[in-house]
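Take a look at the structure set out below.
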Amino acid sequence: MEYAVKAANLTHSYISADSSILSLENIDISVRKGEFAAIIGRNGSGKSTLAKHFNALVPIMHGTLFVGGMNVADKNLLWQIRKYCAMVFQNPDNQFVSSIIKEDIAFGLNNYSITDNVDYRISSALEQAGLKGFENRSVHMLSGGQKQRAAIAGILALEPEIIVFDEATSMLDPKGRRGILSLVSELNKKGKTVIMITHYAEEAVLAEKVYVLSEGKLIGGGSPREVLTDMDLLNQAGLVAPLAVSFYYDLIKMGIRLKKCPLTLEELSEEICSLN
Ligand SMILES: Nc1ncnc2c1ncn2[C@@H]1O[C@H](COP(=O)(O)OP(=O)(O)OP(=O)(O)O)[C@@H](O)[C@H]1O
Ligand SMILES: [Mg+2]
């Protein structure tokens, strides 16, 4: 099996003059090429620290990590790893260096010394991100969701194998959030490996595999159905269950048991309709 990410025993602490904060402890995680994985966890659980490892933004302190078969501990591979595994961050406003979209994307390409087919890469990336024809627009004139799409276009132009979305929807309104989630899912269907990091369990429903981080440890992993319907696990992680799942358990308290625990509101309404 070909792995996009393979970590074993990954442990990390933030060390300063007067403190050491253990942020990750013995993490074993692997993500297949082409997979859509989600990593969920509450504030401070270590999600971003783990994501930064995948992108070679923090040094490997203990354990091993291979990204696209490349050893992340090898400093000579830094730029190759970052080009292979790119990241989209929470705040779209912090991800631009130029206010004109095409200039911003070109800047990113130049950073990675990509000089071939620059115009084509830019227009194709914008089209894939749902911003066809936005080359000359100013980022300041975009909505939050469009800004995040422009940031994603900047990443797509680099043609990475993996895209890590670190809470990429958390600053958006519900419409913007839904749009970015469906774009993420669409990119995965077209072949990208996606690692979606979020503290909304609800957003992990579309993933193939969901991992749960709590206080720097992986405390669960499995299909969305296995993980997101496990109330004990979600409670332990301090996470809110998807709405349909909470509803299922509320109905049980009222003496109504659906045939199966639904993950989405669509599934919930199907289950309710099938009650007789
Ligand atoms: N630069 C840093 N220096 C010191 N400690 C840090 C630093 N970054 C994170 N930490 C600590 O490491 C732990 C994990 O933080 P991390 O940012 O990885 O969590 P997170 O799950 O991404 O949280 P959030 O949901 O708030 O983004 C926390 O205890 C945090 O306070
Ligand atoms: Mg974070």
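A single member of Thr198, Thr229, Thr193 is more than 16 Å from ligand 2 (Cβ to nearest atom) and in contact (Cβ under 8 Å) with a residue 40 or more places away in the chain, and it is Thr193. Taking (1) among the β-branched types (Val, Ile, Thr); (2) out of contact with any Ser or Thr (no Cβ under 7 Å at 6 or more places or on another chain); (3) at pLDDT 95 or above in turn, Ile272 satisfies each apart from (3). Remark: Ala244 falls outside the filter, which requires a residue to be of a type outside the set (Ser, Thr, Tyr), closer than 27 Å to Ser23 by Cβ and buried (at least 21 other Cβ atoms within 10 Å of the Cβ). Is it true that some residue in the range 54-71 is aromatic (Phe, Trp, Tyr) and within 20 Å of Ile15 (Cα to Cα)? Within the range 54-71, one or more residues are aromatic (Phe, Trp, Tyr) and within 20 Å of Ile15 (Cα to Cα). Residues in the range 47-75 that are free of Cβ contacts under 8 Å to residues at least 60 places away in the same chain, within 13 Å of ligand 2 (Cβ to nearest atom) and hydrophobic (A, V, I, L, M, F, W, C): 2 in all. When Thr169, Thr264 are screened for being surrounded by 13 or more Cβ atoms within 10 Å (Cβ to Cβ), within 16 Å of ligand 2 (Cβ to nearest atom), among the hydroxyl-bearing types (Ser, Thr, Tyr) and at pLDDT below 95, only Thr169 passes.
The rows are residues; the columns are (1) in a loop (DSSP other than H, G, I, E, B); (2) touching a Pro at 6+ places or on another chain (Cβ under 7 Å); (3) among the hydroxyl-bearing types (Ser, Thr, Tyr).
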{"site": "Leu234", "(1), (2), (3)": "no, no, no"}
{"site": "Ala241", "(1), (2), (3)": "yes, no, no"}
{"site": "Ala244", "(1), (2), (3)": "no, yes, no"}
{"site": "Phe247", "(1), (2), (3)": "no, no, no"}
{"site": "Asp250", "(1), (2), (3)": "no, no, no"}
{"site": "Leu258", "(1), (2), (3)": "yes, no, no"}
{"site": "Leu263", "(1), (2), (3)": "yes, yes, no"}
{"site": "Glu266", "(1), (2), (3)": "no, no, no"}
{"site": "Leu275", "(1), (2), (3)": "yes, no, no"}
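Under the condition of being under 17 Å from Ala241 (Cβ atoms) and under 29 Å from the mean Cα position of the chain (by Cα), the residues counted in the range 261-276 number 8. For the range 115-140, a residue qualifies if it is of a type in the set (S, T, N, Q), over 23 Å from Arg177 (Cβ atoms) and assigned to a helix (DSSP H, G or I), and the qualifying residues are Ser123, Ser124. From the list Val210, Val184, the lone residue that is in contact with a Leu (Cβ under 7 Å, 6 or more places away or on another chain), surrounded by 15 or more Cβ atoms within 10 Å (Cβ to Cβ) and of a type in the set (Val, Ile, Thr) is Val210.
Screening Val210 against (1) farther than 24 Å from Tyr84 by Cβ; (2) within 16 Å of ligand 1 (Cβ to nearest atom); (3) touching a Pro at 6+ places or on another chain (Cβ under 9 Å) leaves a single unmet condition, (1). For Ile40, the conditions (1) at positive phi; (2) near ligand 1 (Cβ under 10 Å from one of its atoms) all hold with the exception of (1). Scanning the range 99-123 for residues that are hydroxyl-bearing (Ser, Thr, Tyr) and in contact (Cβ under 8 Å) with a residue 24 or more places away in the chain yields Ser99, Tyr112.
The values are calculated or read from the model by the stated rules, or taken from the named source; none is laboratory data. Given the structure is predicted, the values throughout are model-derived calculations rather than measurements. For neighbour counting, all protein chains shown are included, and Cβ atoms are generated from backbone atoms with ideal geometry for every residue, glycine included.
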